[in-house]
Structures are given as C-alpha cells and as structure tokens.
C-alpha cells in the first residue's frame, strides 16, 4: 500500500510523556502539555512511544492518548508510536492511529523475539509497510528491541514507497552516519538521542525526536533555529552546555522517570508518577534533575 498522506515532518518533534492520575491517563494534563509545547514552537508530536510508556498502556488508554494528542495538537503533525510484536498487531495500531487522525506511524522491530537472520527484520518491516494505512517511519532502538535495524535493511526497506524515514535512538553515531550515507535522498533521519541532536542535524538529520523537548522546548527550538541559520557555534553551545548535561540524567535514570521528574520541577506536571516496572525517582535525584533543568534554562 502506498499512502497519499503528504504531511511534512521536520525540525523538533516531541515524544510525549503520558501523564497519569491514579490508575488512569490524565487527559487534562496531557492536553495542557501539548498546548504548552505548541506555544513553544514544536514542529510536531510523537505520542505512545518509549517516553510515553506505550508498553504500560491498555488498548483503550492507547486510543485515549492518541485522541487527546491529535485534538490538542490542533492540526500540527502527529507521528503515532505503533509498536507491537506481530505484523497484524502493528497494522492494527496503525489503523487505530489513522482513524484517530495521526499523520504517520513509528514502527519498531519485534521485541523479545529477535530475528535469527537480518532477512527476518526486512520481511517484518516490508510486510508492515505494504499494508500500513499511514506513512511509516522506522524506529531504531536496540536497547529495547534486542537488536538494531541493520543499515543494509534500512537502505533496502527505505526504498519502499510507504517508508519515509527513521528515528535513531541507538546512541551510536557511527550507525547514524552509516544510515545517512546509505539512505535514499528523500529519506528523513531523526536523532532520538538528545545529546546527538545538534551533531545529527549538522550531518544532515531532518531534526530530532527527543524526550527532553517535553521539558526544555525552548532549548531545542534554539538548537533547531541555530542550525537552520548556519550558526554552528551557537548550535554546538546549546547542545553541549544546555542539552547534554540534562540528558545524562535520562541515560542514568530512564527516559520516562527522568523526563517526568523534570516536568514536575518546572511545574508542568503535578506528579512524576510512572507505571511498573518503572519507578518514580527519589527526592534527592529529583533535586539533582531540577538543578540540571535550571542550568539548561539559565544559559543563553
């Protein structure tokens, strides 16, 4: 299937956290966060991804998260996380996302059962792309899937009419450069490793899909705009001095827990609650994260 969707993705897309209130998704808090990020000049949103704790959501909660995001985004591009372990399961999530009004789907390799041959990964991704109701972006996150999407597979699957790009959250910049060299000219690359977003854009990435854009959107917008204006010195300073130190907290403590703690420190979430098996951070760690947030916002 080749979809006719022509929505353009570019710049900084925010992989939204999923706020919780007790045992439920906090739709009000999610709406307020999206609206705040729209005002901050985000380029689009990615709900129900890794930072959004998609694996801890019921099917109904998954739909609620997507519906709330699409409504609050008010026409801004939405790339829905659609991770599942089977081709039909992935296609079902993509169908749900399409029905709700999302503009594209973010697709991972099956987790738990890794392919015993690279051909298996290509077969899975190609089967999804063939029948997907939305344009597909690949999501390379080997820490969660057990293996990377091999660059040769990206090169091959990237020629599919319905595959538009890739988010790389490997943290391996050599992988990113290899994919950038192999990918078709119109293939869009996004850096998912926050501390690599500036070097990634300088090396040809379309932009970033970065957890901390939930928290310090103005900093990511500053990085995006500096690269667009060719101000390499400023872009490098923003990345190294404002993004990288806070991102280390995410690497150390986990993306959803650290991002939610940072949002709580800004007063943008009432609670930093996460769902098991994730654990909310202790008060000392929250204080350290708050200091890092303040540091990122104080530097210009």
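Structural remarks
- Compactness ratio for the stretch 124-172: Cα radius of gyration over 2.2 N^0.38 Å (N = residue count) comes to 1.11.
- Kirkwood hydrodynamic radius of the chain, Cα pairs, Å: 19.0
- Ranked by how many other Cβ atoms sit within 10 Å of their own Cβ, fewest first, the residues 175, 137 fall in the order 175, 137.
- In the stretch 117-252, Cα pairs under 8 Å separated by at least six residues give a relative contact order of 17 percent.
- With helices as the sole contributors, the chain gives -14000 deg cm²/dmol at 222 nm; each DSSP H run of n ≥ 4 counts as -39500 (n - 2.57), and the sum is divided by every residue.
- Mean-position separation - Cα centroids, the stretch 113-159 and the stretch 165-200, in angstrom: 15
- Within the chain, percent of DSSP bridges classed antiparallel, to nearest 5: 10
- Prolate/oblate/rounded call for the stretch 1-105, Cα gyration tensor, a/c under 1.5 rounded: oblate
- Spatial separation of Cα centroids for the stretch 238-300 and the stretch 17-55, in angstrom: 16
- Each Cα pair under 8 Å and six or more residues apart adds its separation to the average, and for the stretch 150-230 the resulting relative contact order is 25 percent.
- Normalised by the number of residues in the chain, the mean separation of alpha-carbon contacts (under 8 Å, six or more apart) gives a relative contact order of 17 percent.
- Choice from 114, 170, 213 with maximal GNM fluctuation in the chain (Cα, 10 Å cutoff): 114
- Most mobile listed residue (262, 123, 272) in the chain, GNM with C-alpha springs under 10 Å: 123
- Whole-number D in µm²/s for the stretch 76-120 (Stokes-Einstein; Kirkwood sum over Cα pairs; 4 °C, 1.567 mPa s): 115
- Here the residues 291, 76, ranked from fewest to most Cβ neighbours within 10 Å of their Cβ, fall in the order 291, 76.
Each reported figure results from applying straightforward, stated rules to the coordinates on display, with no laboratory input. All figures in this text were calculated on a predicted structure; none of them were measured in a lab. All Cβ positions, glycine included, derive from the backbone under ideal geometry; neighbour counts span all protein chains shown.
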